[in-house]
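The values are calculated or read from the model by the stated rules, or taken from the named source; none is laboratory data. Predicted model only: the values in this text are computed from it and were never measured. Please note: Cβ atoms are built from the backbone with ideal geometry, for glycine as well, and neighbour counts cover all protein chains shown. Just so you know, the surface numbers come from the protein's heavy atoms only, side chains and all, with ligands and any DNA or RNA stripped out. Shrake-Rupley method; radii C 1.70, N 1.55, O 1.52, S 1.80 Å.
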Amino acid sequence: MGKLMVLSVLVVAVAVLIGKRFIALRNTMLVSREVTQNHLPNCELIKGIEIGAEDITVLEDGPAFISSGLKYPGMPRYTDAPGKIYVLNLPSGADLTELHIKGDFDTASFAPHGIYIYIDDDGSRYLFVVNHPHENSQVEIFQYIEEESTLVHMKTIKHELLHNVNDIVAVGVENFYATNDHYFTIGPLKVLETLLYLYWCDVVYYSPEAVRVVAEGFFGANGINISPDKKHLYVSDLLNHRIVVLNIQKDNKLSRVKEVDVGSLCDNIEVESKTGDLWMGCHPNGGKILLHDPNDPPGSEVIRIQKIHSDEPVVTQVYSDNGSVLIASSVATPYKGKLLIGSVYQKALICDLE
């Protein structure tokens, strides 16, 4: 066989392989999926949210913390304005308040992503924020001063293992678990990582004494949260369309317990403290997220998982929209008969659950 023929065979083989990978990727991204409208009653846009509510977390006594103005590394920039953290009163959904940031902190480059509130034994409240200033990846710790509507910056945490942080759950004043949603940090390599189906994403445990990978083998580790009894973590394996249940061991390492199929690209996870139910804001069609065509916008979907530790978890679609009302939902959290639904770059909704 001549060199030219060998080369031709190799080119054809590579082309076939790439073609198969793209077909597989289309299936992974759910590009053929169309959304059927499944709206909740009395949905209203939250006034004042215009550049996203990527993550929302609610405390027992009602305030909802909202991260807005995400500038995600490798994705299109939809705003150059500094990111903000808001507080919203619940269940009314009124009085959206921007929290002022005090301390040695560069507010101009603030690009908040996943957030989590940790309450210390003395009642102090600390807001952990994943931040991407200048497309970097780091974690900010703030103390929340309610009477002053202020966040006091306490610490910035950077580490080589925290290289693509997406979401976070705190288990101490300076201790947390965080997800890395990619292995590589360079844009083209991120694309190659997805195209080659590399299950190289992980969960990292951070403490001032030690930082280490405690769970591996995810295809896009995204949202993370903790069970009410603090014994399990839940991680959204986004491109696998699954929620992974992990047992927290004594050494803070994690062991896999089970996986639950959700049939969508689920982003952040919120956990009801009384029932243990999981609520996710999800992307029903990942292809539309990448294209972001204003004439065919990404839709939104809210999925709930009940009885996740049982042999037969109940997975329910609670809300869906084709993008006409809400584009690219990323989080959903219930509170006293209301449901807040946030989006990556656009608006946020508050609806009645019944």
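Restricting attention to the range 284-313, which residues are more than 16 Å from the chain's Cα centre (by Cα) and closer than 15 Å to V244 by Cα? Residues satisfying the conditions are I305, Q306, K307, I308, H309, S310, D311, E312, P313.
Filtering the range 50-69 to residues that are among the charged types (D, E, K, R) and farther than 9 Å from I115 by Cβ leaves E50, E60, D61. Is there a residue in the range 137-151 that is assigned to a helix (DSSP H, G or I), free of Cβ contacts under 8 Å to residues at least 40 places away in the same chain, of a type in the set (V, I, T) and open to solvent by less than 70 Å² (accessible area, probe 1.4 Å)? So far as the range 137-151 goes, no, none of its residues is assigned to a helix (DSSP H, G or I), free of Cβ contacts under 8 Å to residues at least 40 places away in the same chain, of a type in the set (V, I, T) and open to solvent by less than 70 Å² (accessible area, probe 1.4 Å). Any residue at all in the range 176-193 that is in a strand (DSSP E or B) and either without any contact (Cβ under 8 Å) to a residue 40 or more places away in the chain or open to solvent by 10 Å² or more (accessible area, probe 1.4 Å) (or both)? Checked the range 176-193: no residue is in a strand (DSSP E or B) and either without any contact (Cβ under 8 Å) to a residue 40 or more places away in the chain or open to solvent by 10 Å² or more (accessible area, probe 1.4 Å) (or both). On the basis of being more than 18 Å from the chain's Cα centre (by Cα) and under 24 Å from D251 (Cα atoms), does L161 make the cut? Yes: the conditions hold for L161. The set of residues in the range 254-295 that are of a type in the set (D, E) and modelled with pLDDT of 95 or more comprises E259, D261, D267, E270, E272, D277.
Select from the range 296-330 the residues that are within 15 Å of R33 (Cα to Cα), open to solvent by 10 Å² or more (accessible area, probe 1.4 Å) and not in a loop (DSSP other than H, G, I, E, B) and list them in ascending order. D296, Q317, listed by residue number. Scanning the range 226-240 for residues that are without any contact (Cβ under 8 Å) to a residue 40 or more places away in the chain and either in contact with a helix residue (DSSP H, G or I) (Cβ under 8 Å, 6 or more places away or on another chain) or assigned to a strand (DSSP E or B) (or both) turns up just one, D237. Taking the range 216-225 as the search range and keeping residues that are of a type in the set (G, A, S) and either free of Cβ contacts under 8 Å to residues at least 24 places away in the same chain or on the phi > 0 side of the Ramachandran plot (or both), which one is most open to solvent (accessible area, probe 1.4 Å)? Result: G217.
Taking T156, is it touching a strand residue (DSSP E or B) at 6+ places or on another chain (Cβ under 7 Å) and either in a loop (DSSP other than H, G, I, E, B) or open to solvent by less than 20 Å² (accessible area, probe 1.4 Å) (or both)? Criteria not met by T156. The single residue among K347, K338 that is open to solvent by 10 Å² or more (accessible area, probe 1.4 Å) and under 25 Å from P294 (Cβ atoms) turns out to be K347. For the residues V203, V171, V244, V213, the requirement of being closer than 21 Å to L278 by Cα, surrounded by fewer than 21 Cβ atoms within 10 Å (Cβ to Cβ) and in contact with a strand residue (DSSP E or B) (Cβ under 9 Å, 6 or more places away or on another chain) singles out V171. The strands (runs of 3 or more DSSP E) found entirely in the range 31-120 that carry 1 or more residues being under 21 Å from D267 (Cβ atoms) and open to solvent by less than 50 Å² (accessible area, probe 1.4 Å) are 55-58, 64-68, 84-89, 112-119.
Among the residues of the range 121-136, those that are assigned to a strand (DSSP E or B) and either over 17 Å from the mean Cα position of the chain (by Cα) or surrounded by fewer than 18 Cβ atoms within 10 Å (Cβ to Cβ) (or both) comprise R125, Y126.
Against the test of being out of contact with any Cys (no Cβ under 6 Å at 6 or more places or on another chain) and on the phi > 0 side of the Ramachandran plot, the options L30, L88 yield a single qualifying residue, L30.
Can you pull out every residue in the range 204-225 that is in a strand (DSSP E or B) and either modelled with pLDDT under 95 or farther than 23 Å from N285 by Cβ (or both)? Listed by number, the residues that qualify are V204, Y205, Y206, V211, R212, V213, V214, A215, E216, G217, I224, N225. Among the residues of the range 275-295, is any under 22 Å from A215 (Cα atoms), part of a strand (DSSP E or B), in contact (Cβ under 8 Å) with a residue 40 or more places away in the chain and open to solvent by 10 Å² or more (accessible area, probe 1.4 Å)? Checked against the condition, which is being under 22 Å from A215 (Cα atoms), part of a strand (DSSP E or B), in contact (Cβ under 8 Å) with a residue 40 or more places away in the chain and open to solvent by 10 Å² or more (accessible area, probe 1.4 Å), the range 275-295 yields no hits at all.
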